[in-house]
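Comments concern the structure below.
The values are calculated or read from the model by the stated rules, or taken from the named source; none is laboratory data. Bear in mind the structure is a predicted one, so any value in this text is a computation, not a measurement. All Cβ positions, even for glycine, are placed from backbone atoms using ideal geometry, and neighbour counts span all protein chains on display. Note: accessible area is taken over every heavy atom of the protein model, side chains too, but ligands, DNA and RNA are not part of it. Shrake-Rupley method; radii C 1.70, N 1.55, O 1.52, S 1.80 Å.
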Amino acid sequence: MKWSPISIVLCLHTSVPSSAFIPSSISSAFQVRQNKAPTNAGRTDTNLSMVSPGSIYRTAKAAAPAIATAVVAGAGLVKLLDRPSRTYGDGTVAKEYDEWTQDGILEYYWGEHIHLGYYNEEEMAAGYKKKNFIQAKYDFIDEMASLGGISAETDGNAKVLDVGCGVGGTSRFLAKKLGPNAQVTGITLSPNQVKRATELA
């Protein structure tokens, strides 16, 4: 049996002409065993498909423009997406969150949750205004957890990230609901909301 180091591209059963030139100077991690018995048309069976370094070079050269375009487009996309959308301060909603938190106006009217409430069919039929708005917000959290398949029984060790937590009402509710082994972290862009959430914790 004859062993020759070659470049291997595709692992398929194929055949190579017995006269194929395989330079012994090509280094490769693979070797292919060739059968001595010639098959039809003077070919020798091998277990792997082989190509010459020249065809690899030609393939790479032909693909180079597409690869270069993909790299440039990828770099441009990263540059576009990997930047802050706006700075914190005047003219942004962050300033309003700070002021509303400092004034206490949202907390006074909306409670600890600045989101809508949940009303089932029966409550809607009876008139949604008859339901306590603050309770509707807690029901909303429960409904979202239920839709997500989250419960204290199965997720008592959960790690939860509350993005846009406001003054932390939902974060605290989930922490109590999931139990002492759960880890709930709230993040907000408003320093005043962070301060108030810490006071309420």
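Within the range 144-166, track down each residue that is open to solvent by less than 30 Å² (accessible area, probe 1.4 Å) and either assigned to a loop (DSSP other than H, G, I, E, B) or on the phi > 0 side of the Ramachandran plot (or both). Selection gives Gly156, Ala158, Cys165, Gly166. Assessment of the range 110-118 against the conditions (closer than 26 Å to Asn181 by Cα and either polar (S, T, N, Q) or part of a loop (DSSP other than H, G, I, E, B) (or both)) yields at least one matching residue.
Of all residues in the range 167-192, those that are in a loop (DSSP other than H, G, I, E, B) and either within 24 Å of the chain's Cα centre (by Cα) or at pLDDT 95 or above (or both) total 3.
Ile141 fulfils the conditions (1) surrounded by fewer than 18 Cβ atoms within 10 Å (Cβ to Cβ); (2) within 13 Å of His113 (Cα to Cα) except for a single criterion, (1). Within the range 135-180, the set of residues being in contact with a Gly (Cβ under 7 Å, 6 or more places away or on another chain) and not hydroxyl-bearing (Ser, Thr, Tyr) comprises Ala136, Lys137, Asp139, Phe140, Ala152, Gly156, Asp162, Cys165, Gly168, Gly169, Leu178, Gly179. Out of all the residues in the range 88-96, is one or more out of contact with any Phe, Trp or Tyr (no Cβ under 8 Å at 6 or more places or on another chain), open to solvent by 60 Å² or more (accessible area, probe 1.4 Å), in a loop (DSSP other than H, G, I, E, B) and touching a residue at least 60 places away in the same chain (Cβ under 8 Å)? Yes: one or more hits.
Could you list, in sequence order, the residues of the range 100-127 that are charged (D, E, K, R) and in contact (Cβ under 8 Å) with a residue 40 or more places away in the chain?
So the first thing to find is which residues in the range 100-127 are charged (D, E, K, R), and the list is 103, 107, 112, 121-123.
Within the range 100-127, Glu107, Glu112 qualify.
Restricting the range 171-197 to residues that are polar (S, T, N, Q) and farther than 17 Å from Trp100 by Cβ, which is surrounded by the most Cβ atoms within 10 Å (Cβ to Cβ)? If we take residues in the range 171-197 being polar (S, T, N, Q) and farther than 17 Å from Trp100 by Cβ, then Ser171 is surrounded by the most Cβ atoms within 10 Å (Cβ to Cβ). The listed residues are Val51, Val93, and the only one of them that is modelled with pLDDT under 80 and touching a strand residue (DSSP E or B) at 6+ places or on another chain (Cβ under 9 Å) turns out to be Val51. Taken as a whole, the range 128-141 holds no residue that is in contact (Cβ under 8 Å) with a residue 12 or more places away in the chain, in contact with a strand residue (DSSP E or B) (Cβ under 8 Å, 6 or more places away or on another chain), of a type outside the set (Asp, Glu) and within 30 Å of Thr92 (Cα to Cα).
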